[in-house]
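Trainee: Here's a structure for you.
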Amino acid sequence: DPIARNITPKIFTDYRAARIEKGIRPKTCNNEHGYINAVYNELERSGSIGYPNPLKPIRPIKLDEFELSYLTSEQITELLTKIENFSQSRSVLIVSKISLATGARWSEAENITLQQLKRHNVSFTDTKSKKNRTVPITKEFYTELKAHFDEHGEFTKNTLSSFRRALERTNIVLQKGQASHVLRHTFASHFMMNGGNILTLQKILGHSSIVMTMRYAHLAPEHLEAAAKLNP
């Protein structure tokens, strides 16, 4: 538990190695590295400290790239059916549909209010990137959402556990840590497979960098067609 001035690159890398040995995922360690690094940078930038950022020389752990899971049309139907049949909260089903229809994160979908629902659009205000965004929805889904708000009011909060219980009743197998985020991946994956534009997807998902969105680019139908057309 050293004070900030006494931290060295070795102290931090030893701490990180100990965390990994205890079973903490490398991605989590990289996140922690980023947070602490940002604190030092801000303290240095504001003149609050008179020494350089000790974490600056440290590189993040290189992570293996993994395939993002997404649901097929059949799996979407299976999941929504389980939610409808077994979830005691009416909000779980409608929040799941919002995420599938707009690519919203679970917390973003769960926190929308009637004021954020305009004719055939949903606006997300409390977002991870701190930037507001508006996503169009179908007339039919707008009607369904409006009816839910009129009858039941705002969504029940903290419904993620109910979603996970419904997911466990399905035959769907996901990578560790995905859970509700698979709905966002499913929207993005189907968007690209159906011929969507990668720049449009970036705006819909609210990614600050196109690098994040490019994870879905390989799903576009034309992505690798050139290999067949242009080979010698």
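Trainee: Tell me the angle of helix 139-152 to the major Cα principal axis of the chain, expressed in degrees between 0 and 90 and rounded to the nearest ten.
Mentor: Between helix and principal axis, roughly 80 degrees.
Trainee: Ok, one more. Which percent of the accessible area of the range 163-232 is formed by carbon and sulfur heavy atoms (probe 1.4 angstrom)? List each step's numbers first, then the result.
Mentor: Details: 2390 of 4260 Å².
Carbon plus sulfur share of accessible area: 56 percent.
Trainee: From the phi of every residue in the range 129-134, what ³J(HN,Hα) in whole Hz does the Karplus formula 6.51 cos²θ - 1.76 cosθ + 1.60 yield, where θ is phi - 60° and glycine or proline is x?
Mentor: With coefficients 6.51, -1.76 and 1.60, one gets 7, 6, 10, 6, 8, 10 Hz.
Trainee: For the range 70-147, what % of the accessible area comes from carbon and sulfur atoms, probe 1.4 Å?
Mentor: Details: 2040 of 4190 Å².
Carbon plus sulfur share of accessible area: 49 percent.
Trainee: Right, another one. Please sort 178-186, 10-18, 212-220 by packing, taking for each peptide the average over its residues of neighbouring beta carbons within 10 angstrom, highest first. Don't jump to the answer; show the numbers that get you there.
Mentor: Values: 178-186: 20.1, 10-18: 13.4, 212-220: 15.9.
With the highest mean Cβ count within 10 Å placed first, the list reads 178-186, 212-220, 10-18.
Trainee: Taking the Cβ of Arg169 as the center, what net charge do the other residues with Cβ under 15 Å away carry, scoring Lys and Arg +1 and Asp and Glu -1? Numbers along the way, then the final one.
Mentor: Details: positive: Lys82, Arg164, Arg165; negative: Glu78, Glu84, Glu168.
Result for the local shell: 0.
Trainee: Please report, in debye to the nearest 20, how large the charge dipole of the chain is about its Cα centre when each Lys and Arg carries +1 at its beta carbon and each Asp and Glu carries -1 there.
Mentor: In total the dipole reaches around 540 debye.
Trainee: Here is a further query. Pull up all non-local amide H partners of Arg133: gap of 5 or more, or a different chain, and H-to-H distance under 5 Å with H placed in the peptide plane.
Mentor: Hits under the 5 Å cutoff: Phe124.
Trainee: Further question: When the dipole is taken about the Cα centre of the range 84-133, and only Lys, Arg (+1) and Asp, Glu (-1) are charged at their Cβ, what size is it in debye, to the nearest 20?
Mentor: Details: 9 positive and 4 negative charges, 58 e Å.
Value, rounded to 20: 280 debye.
Trainee: Along the charge dipole of the range 164-232, Cβ charges K/R +1 and D/E -1, which of Gly206, Gln178, Leu230 sits furthest on the positive end?
Mentor: The one lying farthest along the dipole's positive direction is Gln178.
Trainee: Using +1 at the C-beta of Lys and Arg and -1 at the C-beta of Asp and Glu, which of Thr127, Ala109, Ser48 has the Cα lying farthest in the positive direction of the dipole of the range 1-139?
Mentor: Positive-end residue among those listed: Ser48.
Trainee: If the limit is 32 Å between Cα atoms, which of Lys82/Lys139; Lys10/Lys157; Lys22/Lys82; Lys10/Lys176; Lys176/Lys203 go over it?
Mentor: Working: Lys82/Lys139 25 Å; Lys10/Lys157 43 Å; Lys22/Lys82 36 Å; Lys10/Lys176 30 Å; Lys176/Lys203 27 Å.
Correct reply: Lys10/Lys157; Lys22/Lys82.
Trainee: Right, another one. Let's see if you can work this out: charge +1 on each Lys and Arg Cβ, -1 on each Asp and Glu Cβ, no other charges. What is the dipole magnitude of the range 4-126 about its Cα centre, in debye to the nearest 20? Present the calculation step by step, with values, prior to reporting the outcome.
Mentor: Numbers: 17 positive and 14 negative charges, 78 e Å.
In debye, rounded to 20, the range 4-126 gives about 380.
Trainee: Quick check on packing: order 131-144, 89-102, 189-202 by the mean number of other C-beta atoms within 10 Å, highest mean leading. Can you show the working numbers first?
Mentor: Working: 131-144: 13.9, 89-102: 22.1, 189-202: 15.9.
In decreasing order of mean packing, 131-144, 89-102, 189-202 become 89-102, 189-202, 131-144.
Trainee: I'd like the distance separating the alpha-carbon centroids of the range 1-48 and the range 143-198, in whole Å.
Mentor: 34
Trainee: Collect residues whose amide H, placed 1.01 Å from N in the peptide plane, falls under 5 Å from the amide H of Asn121; neighbours closer than 5 in sequence don't count.
Mentor: Ile137
Trainee: Sticking with this structure for a sec: Per the Debye formula with a single identical scatterer at each Cα and no solvent contribution, what log10 I(q)/I(0) holds for the range 105-232 at q = 0.14, 0.21, 0.23 Å⁻¹?
Mentor: The Cα Debye sum returns log10 ratios of -0.78, -1.39, -1.45.
Trainee: Let me ask something else. Can you pull a Stokes-Einstein diffusion coefficient for the range 87-164 at 4 °C (1.567 mPa s), Rh from Kirkwood over Cα pairs, as a whole number of µm²/s? Please list the in-between numbers first.
Mentor: Numbers: Rh = 12.5 Å.
My calculation gives 104 µm²/s for D.
Trainee: Something else: Just the accessible area per residue of the chain, please: how many Å² with a 1.4 Å probe? Let's see the in-between values first.
Mentor: Numbers: 14610 Å² over 232 residues.
Result: 63 Å² per residue.
Trainee: I've got another one for you. So how tilted is helix 181-193 from the main axis of the chain? Cα-based, degrees 0 to 90, rounded to 10.
Mentor: Long axis of 181-193 versus the principal axis of the chain: about 70 degrees.
The values are calculated or read from the model by the stated rules, or taken from the named source; none is laboratory data. These numbers come from a predicted model, not from an experiment. Because the Cβ atoms are built from the backbone with ideal geometry, glycine has one as well, and the counts that use them run over all protein chains shown. Protein only, heavy atoms only, side chains kept; ligands, DNA and RNA dropped before computing areas. Shrake-Rupley method; radii C 1.70, N 1.55, O 1.52, S 1.80 Å.
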